[in-house]
Amino acid sequence: MVHFIFIPLLAPGHFIPMIDMAKLIAGRGISATIFVTPLIITRYAGRAIHRASNSGLPIRFIEVPFPFSSEIGLPQGCETADALPPSLWSNFFTALDIWLVSVENSIQNVEPFPTCMITDRYLPGLAETSMKFGIPRIIFDGMGCFNLVLKHHLELSKVQETVKDSESFVVPGLPDRIELTKEQLPAMLKVDAGKWAEYRDRIKAADEQAYGIVINSFRELENNYVEEVRTLNKGRAWCVGPLSLFNRETLDIVERGNRASIDETECSRWLNEREPGSVIYACFGSLNNLTLTQLVELGLGLEASNRPFVWVMRDGEGKEETERWITESGYEGRIRGRGLLIRGWAPQVFILSHEAIGAFLTHCGWNSTMEGVCSGVPMITWPLFAEQFFNEKLIVQILRIGVSVGSQTARQPSELKDGEILVVIKRETIMNTIDKVMAGDEEGDARRRRAREVAEKAKKSVEEGGSSNLNLSLLIEEVTIENPTCSS
Ligand code: UDP
């Protein structure tokens, strides 16, 4: 019996698409088992996977407790990246390695014996598990092909090592002219990658042993780059996305990733009362840590835009001081009737699919990028860290479906060096960028048209006969018929 097992990195941007993928594969009649932690089960996967299983899909989860101890320095509950105080990142990665040992013990007893394991690329320790048990491993990177190719050429050319921090350089070897600065690169690509350097090297070594790679993207989105990723992976690269499109039932869409902090009916009612294409939806993903100064500018920029908006404010450090500002400045009263604040988790895909949405102000995380693409509305891009600046280039420069607010530095506030201050994007800039995207002029209309066209292509790719639908068949065929080995 064919049996795929899935092991995600414990961060929403990684486990959400991987669970979608498990459901997708189970939809082809293949047994799927996902290894997760108790927190992920209670927050999300429990209800979603029970629903999938009750509807007849051969899917289940195995709950593997996460290690907490004073020795690791990780308090109870810190078992997903978004539940962590920023200072505990490295403790989290230590605990992850221990968690993977328990996962490995569970794999040993799992039945039927797995045909294949789909594992997050950022869990390099699983390369050994794959070899030990003889289970071929396919990696899931969580990012798109443009991103993978850009990284490949930067690692190959090391052009970033030849320039000053704010000096721009052209990434060599690409079909498009992409200019970046060193400041916009993810930590792992910086010369002084510090503690990330060792992790990066482990990932690289593990990548070389993987059988192939599966990607949450679709061919029509980034064709040239898909081809290069296929070449780099000896033809064993499968784009099977956009994964968010496989959630078709309202509850699956509303509860994707977490229980939403706003009631679905209230959210719908609010959106139903707005004109089609009029609302700005602003959300910065599951990990952002914007400073109070920046949040205030953002809030005032949204207010100054004079347009209806939904602003998602993530729970986390600094929440109290933000709330104090909202109350003491009278902000909520001023925007009442025009702005909807969602504190905590928003049903993002549900909101983005509403016809009232006119633009998506996004941090350009890859999942949000794909969800934005599927929504068919233009984006206002505001990358913060990791590979988000690369995704911005794809949105703004290649697909031409977005406008940048002009963010320049890839850094979470928690990653700042001593005394370093992040440049704040001012309210006027935010307001002007919103105006530009929402403008009813020729440029704005053309951008909206392109956004609708690419969304159409996204939908087609997952339908019967579409590129992602076919790729999924090819992936399953390769794994079940070709009898892959454990190393490439
Ligand atoms: N998300 C959501 N509601 C929120 C925040 C995030 O549904 O309030 C989802 C979003 O739809 C996406 C994922 O969480 O699927 C975030 O992944 P992404 O790659 O965009 O960003 P990250 O959180 O990894 O920075």
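Rule-based calculations on the coordinates, nothing more; no lab input. This one's a predicted model, so the numbers in the text were calculated from it and none came from an experiment. So basically every Cβ, Gly included, is an ideal-geometry build from the backbone, and we count neighbours across all protein chains shown.
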Subset of K234/K459; K393/K426; K23/K460 violating a 25 Å alpha-carbon distance limit = K234/K459
Give me the percent of DSSP beta bridges within the chain that run antiparallel, rounded to the nearest 5.
-> 10
Quick one: M370, M188, fewest Cβ neighbours within 10 Å first, how do they rank?
-> M188, M370
Against the 2.2 N^0.38 Å rule of thumb, the C-alpha Rg of the chain sits at a ratio of 0.94
What is the magnitude of the charge dipole of the chain about its Cα centre, with +1 placed on the Cβ of each Lys and Arg, -1 on the Cβ of each Asp and Glu, and no other charges, expressed in debye to the nearest 20?
-> 540
Per-q log10 I(q)/I(0), the range 230-304, q = 0.14, 0.24, 0.27 Å⁻¹ (Debye; single scatterer per alpha-carbon; no solvent) | -0.78, -1.25, -1.27
Ellipticity estimate at 222 nm from DSSP helix runs (n ≥ 4, -39,500 (n - 2.57)) divided over the chain, nearest 500 | -12500 deg cm²/dmol
Highest-first arrangement of 472-479, 174-181, 114-121, where packing means the average Cβ count within 10 Å = 114-121, 472-479, 174-181
Partner aspartates and glutamates whose C-alpha sits under 12 Å from that of K164, ignoring same-chain residues fewer than 8 away, are E183
Antiparallel DSSP bridges in the range 65-189: what percent, to the nearest 5?
-> 50
What list of ³J(HN,Hα) values in whole Hz, one per residue of the range 375-390 in order, does the Karplus curve 6.51 cos²θ - 1.76 cosθ + 1.60 (θ = phi - 60°) give from phi, with Gly and Pro shown as x?
-> 6, x, 10, x, 10, 10, 9, 9, x, 10, 7, 6, 8, 5, 5, 5
Projected onto the charge dipole of the chain (unit charges on the beta-carbon of Lys, Arg, Asp and Glu, signs +1, +1, -1, -1), the Cα from N391, V454, G77 with the largest positive-side position is that of V454
Points 7 angstrom from Cα along the Cβ direction at R400 and D201: gap in nanometres?
-> 4.5
Would you list which lysines come within 21 Å of K195, measuring only between C-alpha atoms, while excluding same-chain residues fewer than 8 positions from it?
-> K151, K158, K182, K204, K417
Can you tell me what the convex hull of the Cα atoms of the range 339-488 projects to on average, as an area in nm²?
-> 13.3
